[in-house]
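Participant: Dropping a structure here in structure tokens format, bear with me for questions.
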Amino acid sequence: MNFDDKLAILLVEDNELNQRLMKISLTRYKYTVTVAVNGLEGVQMFKNQKFDLILMDIMMPVMDGFEATREIRNMENRDPSLGYTPIIAFTANTINNDRDKCVQGGMDDILEKPFDINKFREILSILP
């Protein structure tokens with residue numbers, strides 16, 4: 001995936017300030033950003049719209065990021081026409097084994113809060 005691609009991004013984030021900051025940061029690079037306020041809403045949006053990338057908060061009310069990711073991966077497995085959508089965990093709570101836990105949970109990588117455009121660019125460069 002190329003940083004300069006005009007991506008449709010689903011941001012699944014419950015914190016309103018983080019939503020606004022991410023949307024400002026990402027739209028500056030001409031990305032289209034759709035916001036879901038929890039994992040359940042994110043899963044519903046995924047069912048109804050095609051996204052190039054999902055930024056998934058881990059800890060949210062209603063449905064957390066791990067459960068939402070499992071649901072999305074199950075939908076992709078049941079319906080191959082959906083293709084594969086990269087999911088990047090977006091969280092403030094990172095410790096050494098978080099990346100492994102996220103990858104084992106069906107995510108492709110992890111991005112720490114606060115948002116770092118250079119780290120985001122680096123992750124995009126290794127995604128399919």
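Since every read-out is calculated from the coordinates, none of them should be taken as a lab result. Worth saying up front: this structure is predicted, and the values here are computed from it rather than measured. Glycine also receives a Cβ, built like all others from the backbone with ideal geometry; neighbour counts cover every protein chain displayed.
Participant: Condition first: among the β-branched types (V, I, T) and either touching a residue at least 60 places away in the same chain (Cβ under 8 Å) or over 15 Å from F115 (Cα atoms) (or both). Now tell me which residues in segment 15-42 satisfy that. Before the answer, list the steps.
Facilitator: Residues of segment 15-42 among the β-branched types (V, I, T): 24, 27, 32-35, 37.
If the condition is that a residue be among the β-branched types (V, I, T) and either touching a residue at least 60 places away in the same chain (Cβ under 8 Å) or over 15 Å from F115 (Cα atoms) (or both), then T32, T34, V35, V37 are the ones that fit.
Participant: Could you please find all residues in segment 47-63 being more than 17 Å from Q19 (Cβ to Cβ) and not polar (S, T, N, Q)?
Facilitator: Within segment 47-63, the subset more than 17 Å from Q19 (Cβ to Cβ) is 47-50, 52.
Once the filter is applied, which keeps residues that are more than 17 Å from Q19 (Cβ to Cβ) and not polar (S, T, N, Q), segment 47-63 yields K47, K50, D52.
Participant: In segment 100-128, which residues are farther than 12 Å from L53 by Cα, in contact with a helix residue (DSSP H, G or I) (Cβ under 9 Å, 6 or more places away or on another chain) and among the hydrophobic types (A, V, I, L, M, F, W, C)?
Facilitator: Result: C102, I110, L111, F115, I117.
Participant: Does segment 50-59 contain at least one residue that is surrounded by fewer than 16 Cβ atoms within 10 Å (Cβ to Cβ), more than 22 Å from N2 (Cβ to Cβ) and not hydroxyl-bearing (S, T, Y)? Before the answer, list the steps.
Facilitator: Of the residues in segment 50-59, the ones surrounded by fewer than 16 Cβ atoms within 10 Å (Cβ to Cβ) are 50, 59.
Going one step further and asking which of them are more than 22 Å from N2 (Cβ to Cβ), we end up with 59.
The next check asks that each one be not hydroxyl-bearing (S, T, Y); those that pass are 59.
Yes, some residue in segment 50-59 is surrounded by fewer than 16 Cβ atoms within 10 Å (Cβ to Cβ), more than 22 Å from N2 (Cβ to Cβ) and not hydroxyl-bearing (S, T, Y).
Participant: Right, here's the next one. Scan segment 95-116 and tell me whether some residue there is touching a Phe, Trp or Tyr at 6+ places or on another chain (Cβ under 7 Å), under 25 Å from K47 (Cβ atoms), touching a residue at least 24 places away in the same chain (Cβ under 8 Å) and assigned to a strand (DSSP E or B). Let's see the steps before the verdict.
Facilitator: We begin by selecting, within segment 95-116, every residue touching a Phe, Trp or Tyr at 6+ places or on another chain (Cβ under 7 Å); these are 105, 111, 113.
From what is left, the residues that are under 25 Å from K47 (Cβ atoms) are 105, 111.
Now narrow it down to the ones that are touching a residue at least 24 places away in the same chain (Cβ under 8 Å): 105, 111.
From what is left, the residues that are assigned to a strand (DSSP E or B) are 111.
Yes: one or more hits.
Each row is one residue, and each column tells you yes or no for (1) aromatic (F, W, Y); (2) surrounded by fewer than 19 Cβ atoms within 10 Å (Cβ to Cβ); (3) in contact with a Leu (Cβ under 9 Å, 6 or more places away or on another chain).
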| site | (1), (2), (3) |
| --- | --- |
| R20 | no, yes, no |
| K23 | no, yes, yes |
| T34 | no, yes, yes |
| G39 | no, no, no |
| S81 | no, yes, no |
| I110 | no, no, no |
| R121 | no, yes, no |
